[in-house]
Structure formats: C-alpha cells, structure tokens
Amino acid sequence: MAAVVPGAGDARAIGVFDSGVGGLTVLRALRAELPGESFLYLGDTARLPYGTKSAHTVVRYALQAAEELVERGIKCLVVACNTASASALPAMRERFGGLPVIGVIEPGAAAAVQASRSGRIAVLATEGTIRGGAYTRAIGALRADAQVTGVACALFVALAEEGWVDGPVADAAAGRYLTPLGAAPGASPGAAGGAPPDTLVLGCTHFPVLEPVIARAIGQVIGPGVCIVDSAATTAAAVRTELAARGLLAPAGSPATLGFLATDGPARFAAVGARFLGEPIRVDDVELIDF
C-alpha cells in the first residue's frame, strides 16, 4: 500500500465487498455519507449465497475477494455482507494488517442497542449469520441484559434478487417468518414466547428493499412502535469516523469515481443491482473478474 502523510488525505478508493448485489444498499449509504470519496464494489455473484455456506468456506471466499480489492490499491475495506462479517472479519483484519476493515455487524448491533428500550431485539438474517451468533455476541457486549432472537429468512434473499419486494408472495413470506415474534397469549413479559421485541435488525444487506413488507408484517404481528434498524447508515458513519481518525479522507476536489467488479453475469448484476443502489448501472461499467 502507498504511504500516506498524516492529515494529507488519501484519494484512493474505498473497497466494498459483498457476496452479491445486496451490499449495494451499503454502498448507497456510503456515497451519501462520503460524496467526495471513490468506491470500488466487488460482488462475488458466481458463488452467492454465502448464507448457506460453512464458515470455513465463507472465510476462504471472503479472503479471495478482499485480496482482489487490496491488490487494486484500496485504502479501506468495507465488508458489506453480514455473513462474511460474522465469519471472516478477524481473518481479514489479520491478513491485511494496517488496512481499515469495517464490517456491518458491529455498527448494526450498536444501532440496535441504542434504539431498544427494553433490550428485546430480533435479528432477521441468513442461516449462516444466525447460526454463527455474531449479532447476539455483539449486542451482548454492549448490553448484557439484552434478549436477542434470531430469525433465519433465507427466502428474503431470493425475493429481493427477483424484485418480488411487494405483493402476496412477499407478504406471505414475511408473515411466516415474523409470526413467531408475536407475544404468546397469556405469556408473561420476558418469558420465552412472551413479550415481543421492540427493535428489529435487518441483518442481511438484501433485506432493506423488503423493509415496507417487513414493517407491514411486524405491524400485524406485534403492532406499532417496533424500530427497524438497517445497519447501512450506521456503517457509513463508522467508515467516515475511521477514515477521519487515520487521515484517510479524500482531499477536497478529488475526483470521485465508482467502479464495479462481479465474478459472474455483469448484465444481471447491472439489472438487479440498480434496485439496490437506487440508480441505473451500465453493463459496460461492470468488470467481469475471476479469482
């Protein structure tokens, strides 16, 4: 990595990595928080989803993707994938030494703890993220009395990828996943199946596009007043803080560039990714790579 003079700023790109296009919701928040920065996004679309893979496999895939971005000269790595953050963050921080490596789980956990009044927090995520317990540990480290309920919602990923983010199929899936979070009749607060959560974490970067459907289901199952936490904005704020502390923010007037890398299907990446990024992506701007 190139040497950086403290306080001089750094115009190199911020690398953003996800197993597919879901991390574009994080990229969207990063660009809003840091409009003067350049970004290089890598979606490992050939090997998604990560959520059903073993932790060993996720670590291997994540290190390969991170290596690709590091070799292209990034100044910071944002792991915009909850499953990779849960399984591979320590390995990436060890491999890449002084490079800032920021995941989405710690900022999401902090936002959930701040939002929750009761400490009862539900996490919607992939099977791998729930199985690894990363959110439970991160939330528990910040609030020891927190009660964390994990709900694996694998179908949400497919619905988001297909663009089925509204309508009866999405409503049915949300209802099926979220109904168990409602209070059991006659149960005492705090008991298993008792008082429902007051905070819900979208623990997968695909899920924000389904937020209206999720909110509707929560309203039916629990009622009003449940805070839905999307870690994207909190992660973007954490990235700004880290870059500022290290003197790595881009100097004023630096040209802000945006690049995309995908391991499969640039056309599909561009078409589906536009829904997550919130703006069109040209196929010609997506570079096909292989590890």
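The values are calculated or read from the model by the stated rules, or taken from the named source; none is laboratory data. A quick note: this is a predicted structure, and the numbers were derived from the prediction, not measured. Virtual Cβ from ideal backbone geometry, glycine too; neighbours counted across all protein chains shown.
In table form, for the structure just shown:
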| read-out | value |
| --- | --- |
| Inter-residue pairs, beta-carbon under 6 Å, first at pLDDT 95 or above and in the stretch 67-80, second of a type in the set (S, T, N, Q) and part of a loop (DSSP other than H, G, I, E, B), 6+ apart | ALA80/THR205 |
| Qualifying residue in the stretch 25-40 (condition: over 14 Å from PRO100 (Cβ atoms) and of a type in the set (Val, Ile, Thr)) | yes |
| Residue in the stretch 118-127 that is farther than 20 Å from ALA29 by Cα, at pLDDT below 95 and in the same structural domain as ALA215 (by TED's automatic domain parsing) present | yes |
| Qualifying positions in the stretch 227-267 - of a type in the set (Asp, Glu) and either assigned to a helix (DSSP H, G or I) or farther than 29 Å from ALA11 by Cα (or both) | GLU242 |
| Subset of the stretch 104-121 [touching a Cys at 6+ places or on another chain (Cβ under 8 Å) and closer than 16 Å to THR241 by Cβ] | VAL104 |
| Hits in the stretch 89-126 (condition: of a type in the set (Asp, Glu) and touching a helix residue (DSSP H, G or I) at 6+ places or on another chain (Cβ under 6 Å)) | GLU106 |
| From ALA262, ALA270, ALA245, residue being over 29 Å from ALA110 (Cβ atoms) and without any contact (Cβ under 8 Å) to a residue 60 or more places away in the chain | ALA270 |
| Residue check for LEU99: within 14 Å of the chain's Cα centre (by Cα), among the hydrophobic types (A, V, I, L, M, F, W, C) and outside the structural domain of LEU178 (by TED's automatic domain parsing) | no |
| Helices (runs of 4 or more DSSP H) fully within the stretch 115-167 counting 1 or more residues that are small (Gly, Ala, Ser) and under 17 Å from GLY23 (Cα atoms) | 127-132, 154-162 |
| Filter result (buried (at least 19 other Cβ atoms within 10 Å of the Cβ), touching a helix residue (DSSP H, G or I) at 6+ places or on another chain (Cβ under 8 Å) and either among the polar types (S, T, N, Q) or without any contact (Cβ under 8 Å) to a residue 40 or more places away in the chain (or both)) within the stretch 127-148 | THR129, ALA138, ILE139, ALA146, VAL148 |
| Residue in the stretch 216-226 that is outside the structural domain of GLU71 (by TED's automatic domain parsing), surrounded by 15 or more Cβ atoms within 10 Å (Cβ to Cβ), at pLDDT 95 or above and not in a helix (DSSP H, G or I) present | yes |
